[in-house]
Amino acid sequence: MNVRTAVFVSGGGTNLQALINARAVGQLPCAELSLVLSSRADAYALTRAEKSGIPTCVVTKARDMTADAYGEALLEKLRENRIELVVLAGFLTILPENVIKAYERRILNIHPSLIPSFCGKGYYGLRVHEEALKRGVKLTGATVHFVNEIPDGGEIIAQKAVAVEEGDTPETLQRRVMEQAEWLLLPKAVEHVAEELIHSRR
Ligand code: GAR
């Protein structure tokens, strides 16, 4: 049986789209996209999921909510949907510890740099590319890793390098990293982990 997979999103959802497309052409046979969970009600990723017939839900963190309570709300959705594997694809909320503990080595994250560069607290989205350009690196890229309690600190699963070009802006660099690294790397890494999960069931 396929691995029931939830994709956590907060924004545009181009990485979610890469997973949907991979699944459509048979490149993600082991992972069934069973739920898209968004931290924001206005995330365009939700529309992408609906267009593909994937169930969606929104779990926002209210200001007065403790991390534990937020984690419990997320876990409830995961249990309800019998989720075995979680993919953070542009999920811009810190994942509570109780979720990380419950899904040890079963949560993946995609980060738009070559970890350990430009990662950790405060490094997300365009910020990552702004910092890479400021530092003047000639190579950047993307990393898929397991999620543990250290932000962007879990075991690395896959990485792909991308060249920085003369005249790049954070936006042009972000686009190139997505096209040349993220959208290829993420489906492959998810398939790899899902396949291993299937083998470990036997
Ligand atoms: C992606 O570039 C992803 O790597 C990044 O946010 C973007 C989401 O785009 N994630 C992080 O920065 C996590 N620290 P998307 O919604 O179009 O997939």
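The long axis of helix 14-24 is offset from the longest Cα principal axis of the chain by roughly 60 degrees. In the chain, taking the dipole from charged Cβ atoms about the Cα centre, the farthest positive-side position among Val99, Leu139, Pro55 is held by Pro55.
For segment 132-171, a simple Cβ point-charge model (Lys and Arg +1, Asp and Glu -1, everything else neutral) yields a dipole of about 140 debye relative to the Cα centre.
Could you state the accessible area per residue of the chain in Å², with a 1.4 Å probe and every protein chain left in place?
51 Å²
Estimated at 0.36 nm per residue, the fully extended path between His192 and Val137 surpasses their Cα-Cα distance by 16.8 nm.
For a modelled paramagnetic label at His199, 7 Å from Cα along Cα-to-Cβ, the residues of segment 96-115 in reach, with backbone nitrogen under 19 Å, are 105-108. Between Ala102 and Thr60, the simple spin-label model (points 7 angstrom out along Cα→Cβ) gives 2.2 nm.
Rounded to the nearest 20, the size of the Cβ-charge dipole of segment 64-202 about its Cα centre is 300 debye, with Lys and Arg at +1 and Asp and Glu at -1. Within straight-line reach of Lys138, meaning a Cα separation under 18 Å, sit the following lysines at least 8 residues removed in sequence or on another chain: Lys160.
For an R0 of 35 angstrom, estimate the FRET efficiency from the Cβ-Cβ distance between Thr93 and Lys51 and round to the nearest 0.05.
Efficiency for this residue pair is about 0.90.
Figure note: Tyr44, Tyr124 ranked by solvent-accessible area, largest first, 1.4 Å probe, ligands and nucleic acids not counted: Tyr124, Tyr44. Among the protein heavy atoms of the chain, carbon and sulfur supply 51% of the accessible surface, probe 1.4 Å, non-protein parts ignored.
The values are calculated or read from the model by the stated rules, or taken from the named source; none is laboratory data. It should be emphasised that the depicted structure is a prediction, and the values quoted were computed from it without experimental measurement. Counting neighbours? That spans all protein chains shown, and the Cβs are built from the backbone with ideal geometry, glycine included. All accessible areas refer to the heavy atoms of the entire protein, side chains included, with ligands and DNA or RNA removed. Shrake-Rupley method; radii C 1.70, N 1.55, O 1.52, S 1.80 Å.
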